Amino acid sequence: MALWGGRFSGQTQEEVKRYSESISFDKRLYRCDIAGSRAHVKMLAAQGIIPQSAADAIRAELLEIEKKIDDGNFRFDIALEDIHMHIESALIEKLGAEGARVHSGRSRNDQIALDIRLYLRGEADLLIGKIRIFQKALVDLGTRYPDLIMPGFTHLQHAQVVLFAHHLLAYVEMLDRDAERLADCRKRLNVMPLGSGALAGSTLPLDRDAVCRELGFDRVTRNSMDSVADRDFAVEFASALAVFGMHVSRLSEDLILWSSQEFDFIELDDAFCTGSSLMPQKKNPDVCELTRGKSARLCGDLMTLLTLCKGLPMTYNRDLQEDKVALFDAVDTAEAILAVYPPMIASLKPKAEKMAAAAFDPALMATDLAEKLVELGVPFRDAHRKVGSFVKYCREKGKRLDGTSLDEMRETIPEATAEFPGLFDPRASVAKRDLAGGTGFKQVAAQLDFWHKKLED
């Protein structure tokens, strides 16, 4: 009989057992569940709620159960529904009535709230560490090519020249915010719900603060109903992963474009690509494309959790059993991305000559002409119009911007001086952007140095 079966006279239908079980996915929480149970019975004994001998026996047997699960020697049965009932049943089977004392003063409602928080706390630390490795791979790649110039894009059109390293550092910044979001989320989820019971707390003299200290939480939850009813910490965690996925999807799109024949800016290592089953010449950037797809899963997991929680009355409802499916998928998907992306970035090889050739398009320095006019006292809108007219003139004449004489340039830009033709040098254009956050050589070198030091801490 199920541990909750005292009120029931009939047997649960087999289809309902299969429909309502969660052990197939929540068994991954076993270490968290055991850690919570060990802390709980230690407190129960200290408070005189159960004998010390019972607590000692339960704590020892919990370690044996953990070892059995670690070694693959533990039998899971859908009739026992979830990880909590599996572990409690194993205790009772081994210790008899003494094992049944483990659930004194708690409910599966506050137990699962505890387990998920413990799980996500550990995953936050793990994911942040892996994001740092990802950042370091990008910084190291930029450091290997500190002077490589390429076109920067807006609207997927060549816009201005930038350093390849500067482009990579944009994603380092995004990933840093992703790590910060996970760290912030960790602070809010690191509160201890055990002792909230099913929804109203307990009549037993529980010492929640002792359990809180034992498990390394910052504080106990302040409202027992909120403790068991809400999953906003899980929603926030999934949201942080969805934003991370969006960032990596954008990087994937850049890499896909850059590796195409039309761009031909980079070469992805064969280890991260596949071929076509029909066309022998193909080399497809599959890791990048799969990552774009997996980012959609991360968005879907977030939407699942939001939709799951939005219509629930207080307090606990069985709907919340489904939260773990989306949450575990989000964690697994993010970890899968972080396993393949750093080594792929580390092996990436830019095609310097192709990038440099594209960067030597004088049209990319049109803004430099306008800003030079501003330095000479011309209002920016007038400068913009005059340079635009010059670009139009060159297009009509079939000339490159650097293929005109100074006299021709003065037909549309009367203020042009002898130094204007020299503004079409992409290296000079990059060098002049020597301000905080700019793509200037000195600025990017300083940023690379900053990130090297930060990521080594």
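The values are calculated or read from the model by the stated rules, or taken from the named source; none is laboratory data. Quantities reported herein were computed from a predicted structural model and do not represent experimental measurements. Cβ placement follows ideal geometry from the backbone for every residue including glycine, while neighbour counts extend to all protein chains displayed. All accessible areas refer to the heavy atoms of the entire protein, side chains included, with ligands and DNA or RNA removed. Shrake-Rupley method; radii C 1.70, N 1.55, O 1.52, S 1.80 Å.
Just to confirm the number: angle between the C-alpha axis of helix 108-144 and the first principal axis of the chain, 0 to 90 degrees, nearest 10?
Approximately 20 degrees, to the nearest ten.
For segment 171-258, what relative contact order do you get, as a whole percent, if you take Cα pairs closer than 8 Å and at least 6 residues apart?
RCO, segment 171-258: 37 percent.
Evaluate the Debye formula for the chain with equal point scatterers sitting on the alpha carbons, no solvent, and hand back log10 of I(q)/I(0) at q = 0.11, 0.13, 0.14 Å⁻¹, in q order, two decimals.
Debye output, listed in q order: -0.94, -1.14, -1.24.
Any idea what Rg and Dmax come out to for segment 89-130 if you just take the C-alpha atoms, in Å?
Here Rg and the maximum Cα pair distance are 15.1, 45 Å.
State the percent of C-alpha pairs, over all pairs in segment 241-305, separated by a distance greater than 14 angstrom.
62
Quote the FRET efficiency, to the nearest 0.05, computed for ARG410 versus LYS432 with a Förster distance R0 of 22 Å and r equal to the Cβ-Cβ distance.
Computed FRET efficiency for ARG410 and LYS432: 0.45.
Determine the calculated [θ] at 222 nm for the chain from helices alone, applying -39500 (n - 2.57) to every DSSP H run no shorter than 4 residues and normalising by the residue count; nearest 500 deg cm²/dmol.
Value at 222 nm, helices only: -20500 deg cm²/dmol.
Can you give me the relative contact order of segment 395-457 as a percent, contacts being Cα pairs under 8 Å and 6 or more apart?
Relative contact order of segment 395-457: 15 percent.
Sorting check: for 237-250, 211-224, 191-204, which peptide has the highest mean count of neighbouring beta carbons within 10 Å, and how do the rest follow?
Sorting 237-250, 211-224, 191-204 by mean packing, highest first, produces 237-250, 191-204, 211-224.
What's the extension gain from ARG250 to GLN281 if we count 0.36 nm per residue and subtract their Cα-Cα distance?
8.5 nm
Using 0.36 nm times the number of residues separating ALA336 and GLU456, minus their current alpha carbon distance, what extension gain do you get?
Taking 0.36 nm per residue and subtracting the Cα distance, the gain is 40.8 nm.
Modelled label-to-label distance, LEU126 and ASP56, 7 Å Cα→beta-carbon offset: nm?
Each label point is offset 7 Å from its Cα along the Cβ direction, giving 3.5 nm.
Cα centroids of segment 39-80 and segment 94-112: how far apart, whole angstrom?
The distance from the Cα centre of segment 39-80 to that of segment 94-112 comes to 9 Å.
Net charge around VAL211, counting only other residues with Cβ within less than 11 Å of its Cβ (Lys, Arg = +1; Asp, Glu = -1)?
Combined, the nearby Lys, Arg, Asp and Glu give +1.
Within segment 80-109, which residues have the backbone N less than 17 Å from the label spot 7 Å out from LYS27 along Cα→beta-carbon, could you tell me?
Output list for this probe position: 80-91.
Suppose we look only past 21 Å in the calculated P(r) of segment 79-201. What percent of the Cα-Cα pairs does that tail hold?
62
Suppose each label sits 7 Å from its Cα in the direction of the beta carbon; what would the ASN223-ASP71 distance come out to in nanometres?
If labels sit at ASN223 and ASP71, their model points lie 4.7 nm apart.
For segment 94-105, take each phi angle, set θ = phi - 60°, evaluate the Karplus expression 6.51 cos²θ - 1.76 cosθ + 1.60, and give the result in whole Hz per residue in order, putting x for glycine and proline.
Taking θ as phi minus 60°, the curve returns 8, 10, x, 4, 5, x, 6, 6, 4, 8, 4, x Hz for segment 94-105.
With a 1.4 Å probe and all protein chains kept in place, how much accessible area does LYS354 have, in Å² rounded to the nearest 10?
Accessible area, nearest 10 Å²: 100 Å².
Let me check I've understood the local charge: for ASP368, count other residues with C-beta under 10 angstrom from its C-beta, Lys and Arg +1, Asp and Glu -1. What total comes out?
In short, +1.
Could you work out the relative contact order of the chain, using alpha carbon pairs under 8 angstrom and six or more residues apart, expressed as a whole percent?
This gives 16 percent for the chain.
I'd like the distance between the alpha-carbon centres of segment 262-330 and segment 150-171, rounded to an integer number of Å.
For segment 262-330 versus segment 150-171, the Cα centre distance is 26 Å.
Quick one: net charge around LEU312, please, counting Lys, Arg +1 and Asp, Glu -1 for every other residue with C-beta under 14 Å from its C-beta.
My count for the surroundings of LEU312 gives -3.
Using only alpha-carbon positions, what ratio does the radius of gyration of segment 351-435 give when scaled by 2.2 N^0.38 Å?
1.08
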